[in-house]
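Take a look at the structure set out below.
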Amino acid sequence: MSGARFHPVAEPQAHVPSVGRTIPHDSGVGHVTGSAAYIADLPRRSDEVVVGFVPSPVASGRIRGVDLSAARALRGVVDLVTAVDLPGARIWGPIIHDEPILADGEVLYVGQPVVVIAAETQAALDEARRLVRLDIEATEPILTIERAIELGRFLGPARRIARGDAAAAIGAAPHRLAGVFHNLGQEHLYLEPQAAVAIPGEGGQIVVHSSTQGPTETQHVVAEALGIGMHEVVCVCKRMGGGFGGKETQAVLPAVMAALVAKRTGRAARIVYVREDDMASTGKRHAYRTAWEVGFDDEGRILGYRIEFHSAGGAAADLSTSIMERSMFHVDNAYWLPHVEIRGRVCFTNISPATAFRGFGGPQGMAVTESVMQEIATHLRGRGKPLATIDVQRRNLYGIHDRNVTPYGQVVKGNHLAAILDTLRVRSDFDRRLAEVEAANARDPLVLRGLAMMPVKFGISFTAKFLNQGNALVNVYEDGTVQVSTGGTEMGQGLNTKIRQLVADEFGLPPEQVVLMPTSTEKNCNTSPTAASAGTDLNGAAAVNACRAIKSRIAEWAATRFTAAAEQVGFAGGWVYDIRRPDQRIAFGELCHLARRDRVDLGARGFYATPIAGFDVTTGQGSPFFYYTQGAAAAEVQIDRFTGDLVVTRADVLIDIGRSINPGVDRGQVIGGFVQGMGWVTGECLVYDDKGRLLSDSPTTYKIPAASDVPADFRCEFFPNDDNVENVARSKAVGEPPLMHAICVWSAVKHALSSVSPAAARRLCLPATNEEILRALHAAAGPADDGTGWGHSAEMRAWGPAR
């Protein structure tokens, strides 16, 4: 090799792969030292203005007038913008275009932006907000799912997925139960609120730095609102201070407001929501009302199942129709349902448009079925069958060679559900502990105990097929270092760290020689949001494809100098070598320098499209998922009988994530996801008044889990599995599935209440707050059951009596 310096060695050093090892999060030091920059930390330009908005004070009404005169006269106010001032589109929406960028003629929820204000200082902005006068004729808002159903107010079409004849199977079943399950929503409460900085450029171009999970969607809506092309807008995201789905679409409005001001004034514009505005104005996880009916045999096997979902979609569709679809895909959870009918409808309500949240509808679907599993076990125990809920769950699990097709027609491949559940049952000593818990409940007048386990099967892919694509730009420099740009966004989940490891291993380099660049639509176009747990699957695979294109060029060039075939050129340990004569090698950086001088292209764009068949909405059948992440979890709780105070004393999680790319990062995702899910099912309670105003609008009134709420005994393990051969590095997604494992905490509360009476357990809604637990206990001491098994609710009786 001309000019190359070979380094003969007797035994070449083996390359130690990065993939499979715990290396530190690439922003870890920045996180703990405060040096990691977020939108509010970006350097301010001398011409920069502060942006905010005037929100609607009412949930529903007609705008009769907006008086800006006093605010406009205020010293320090730079610009005031209403809907009539928008130069482009006034309506936007990721699926259905039905959400006003600014309220236009009517207001639809408390907190809806009506007027955008730009000012020299935050003080001037705050005073201007106070001086703007809104003349709104309030109308009666729709604040509940039941009221929306009564009025026929829906968002999007009705959906149905079915197999067999559920009604006939239920009618012929030896046992039948019915009920209505209620769950509330959940606030994202990301540490960094919604934020954006817009900087005007030459020729009318705009650069937007946004705390967004979807740079392309942000770029698209900003362009439409400004009446310009997407090629004139660049969206950049270095990192977010948390997202959880709340910045998949909801980041659009602050970006548009900042860009609008920048376009009108020619000055840089920054908006950072204060916490109260963020919580009042942005969407949450969807609340659901789910009516269900089940028929089953003497052994607890489900014969027929009917479910009707109604979700509170808020004042615009946002992603609600897709979220409902995923609820329908996941109501089976891990269970074979031979005859099933699933219906779903999104309801219009006068609250902020509900949106994506970790799990994307899956938790709402799984929670109702896990409740039904307990009801089946309780019913059969009351008729002399000594069945625990875990026995009912085990008997209904999907099979491996049969009983393995979902209601929507996808075969459950790589099924480890039974092995995972059985393994955790033994490792957690579940049966012995269950007997001890029930014995303690019989004798302890002060404390209730509960114990529950659940399996989880969560589909991985966007259910909108076109979103299952990713691209990456990899640049190898002549010193052997590497820059990588992808469409994925970092929100603390470790995406960049994992891609760094994948790229490092492709070139046989230490990860220190690879850096992930800020996500930018200038470098990565037409990208999907970092969501659906598919960030690493899509962007990591695209980066690997780019690396292999570069390696192919290097290998072909190096082969002529090694007098070898291209496939005989190896990359490992920071060296490039002839695999037949590994003692003949050259440092990767030195080789890159020589290759560049010989005009070898050391950059490449990689693309990846997930090989899935997709789902046909018209038939309700298809294969929307690439694979399933599976697992199981168990939780034990203690409840004060007099105050309802709840403590989760122990949690066990066993999850199949294939070959872990970074075990430390993945373990953090599992524990963090579980604790966030624990918050949803226990203490996190969204409270609105009868006018549609959010009362729990700050961390002082909305309780997320604290460090002291994490189970003192928390055991987290990975189920060994190497069969996900089609995915990048044989890994499996880990972002969303852990959250649903925490439903077992709610189930443990329900189990504890069942030891008081079946009526107490039936009364329990989600979340199981201290107050809700007390209400359930009081229900047990209330009027006698009327024989339906579901109290005196007319809507519950409509589904028929238990037998």
If the label point sits 7 Å along Cα→Cβ of R64, residues of the stretch 129-159 with amide N under 14 Å come out as 134-139
For the stretch 487-493, in residue order, the Karplus 3J(HN,Hα) values (coefficients 6.51, -1.76, 1.60; θ = phi - 60°; whole Hz; Gly and Pro = x) are x, x, 10, 8, 10, x, 7
FRET efficiency for R581 and A419 from the Cβ-Cβ distance with R0 = 51 Å, rounded to 0.05, comes out at 0.65
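Where the eigenvalues come from the Cα gyration tensor of the stretch 149-304, what are the semi-axes √(5λ) of the equivalent ellipsoid, largest first, in whole Å? Intermediate values should be presented prior to the final figure.
Working: eigenvalues 452, 57, 37 Å².
Semi-axes (√(5λ), whole Å): 48, 17, 14.
State the extension gain, in nm to one decimal, for the chain segment bounded by D616 and D709, taking 0.36 nm per residue of separation less the distance between their alpha-carbons.
Numbers: separation 93, 0.36 × 93 = 33.48 nm, distance 4.28 nm.
Contour length minus the Cα-Cα distance gives 29.2 nm.
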Of the listed links K413/K750; K498/K703; K284/K691; K457/K523; K413/K465; K498/K551, those spanning more than 25 angstrom between alpha carbons are K413/K750; K498/K703; K457/K523
Amide H proximity to R585 below 5 Å, modelled H, separation 5+ or other chain, gives H7
Yeah, the stretch 369-510 with a ≥ b ≥ c from its alpha-carbon gyration tensor (a/c under 1.5 is rounded, else prolate when a/b outruns b/c, oblate otherwise) is prolate
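Working with all protein chains in place, sort R394, R72, R275 by solvent-accessible area computed with a 1.4 Å probe, largest first. Walk me through the numbers on the way to the answer.
On the way: R394 85, R72 135, R275 55 Å².
Reading off the accessible areas and sorting them downward yields R72, R394, R275.
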Long-range amide H partners of N350, meaning residues 5 or more apart or on another chain whose placed amide H is closer than 5 Å, are I142, L143
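Provide, as a two-decimal number, the C-alpha radius of gyration of the stretch 472-539 over 2.2 N^0.38 Å, N being how many residues it has.
Details: Rg = 11.7 Å, N = 68, 2.2 N^0.38 = 10.9 Å.
Here the answer is 1.07, to two decimals.
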With R₀ set to 41 angstrom, the calculated FRET efficiency between the beta-carbons of E120 and E232, to the nearest 0.05, is 0.95
Whole-Hz Karplus couplings 3J(HN,Hα) for the stretch 316-328, θ = phi - 60° and coefficients 6.51, -1.76, 1.60, Gly and Pro as x, run 8, 5, 6, 9, 4, 5, 6, 5, 4, 4, 5, 4, 5
With label points set 7 Å from each Cα along the Cα-to-Cβ direction at S757 and D85, the distance between them in nm comes to 6.1
For the chain, the Cα-Cα pair-distance distribution in 20 Å bins from 0, as whole percents, is 16, 45, 31, 8, 0
Quick note, the stretch 685-752: a/c under 1.5 would make it rounded; otherwise a/b > b/c is prolate and the rest oblate (a ≥ b ≥ c, C-alpha gyration tensor); here it is prolate
Expressed in angstrom and rounded, the centroid-to-centroid distance over alpha carbons for the stretch 717-780 and the stretch 270-289 is 25
Contact order relative to length for the stretch 371-444, counting C-alpha pairs under 8 Å separated by 6 or more residues, stands in percent at 17
So, with points 7 Å from each Cα along the Cβ direction, the V274-E106 label distance in nm works out to 3.0
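Nearest 0.05, what FRET efficiency do D598 and V29 give at R0 = 25 Å with Cβ-Cβ as r?
Values: r = 38 Å, r/R0 = 1.54.
Efficiency computed from Cβ-Cβ geometry: 0.05.
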So R44 and M517, fully extended at 0.36 nm per residue minus their Cα-Cα distance, gain in nm 168.2 nm
Chymotrypsin sites (Phe, Trp or Tyr not before Pro) in the stretch 620-717 lying in a DSSP loop, each with at most 15 other Cβ atoms within 10 Å of its Cβ, come to F642
Scalar couplings 3J(HN,Hα) for the stretch 84-98 by Karplus 6.51 cos²θ - 1.76 cosθ + 1.60 (θ = phi - 60°), nearest whole Hz, x for Gly and Pro, are 5, 8, 5, x, x, 5, 9, 10, 9, x, x, 10, 10, 7, 9
Semi-axes (Å, rounded, descending) of the ellipsoid equivalent to the stretch 115-220 per its C-alpha gyration tensor are 48, 23, 15
In nanometres, the difference between 0.36 nm per residue of separation and the alpha-carbon distance of I96 and E140 is 13.4 nm
So, relative contact order of the stretch 618-660 in percent, Cα under 8 Å, 6 or more apart, is 39
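The values are calculated or read from the model by the stated rules, or taken from the named source; none is laboratory data. What you see is a predicted model, and the numbers here were worked out from it, not measured in a lab. Note that each Cβ is placed from the backbone with ideal geometry, even for glycine, and that neighbours are counted across all protein chains shown. All accessible areas refer to the heavy atoms of the entire protein, side chains included, with ligands and DNA or RNA removed. Shrake-Rupley method; radii C 1.70, N 1.55, O 1.52, S 1.80 Å.
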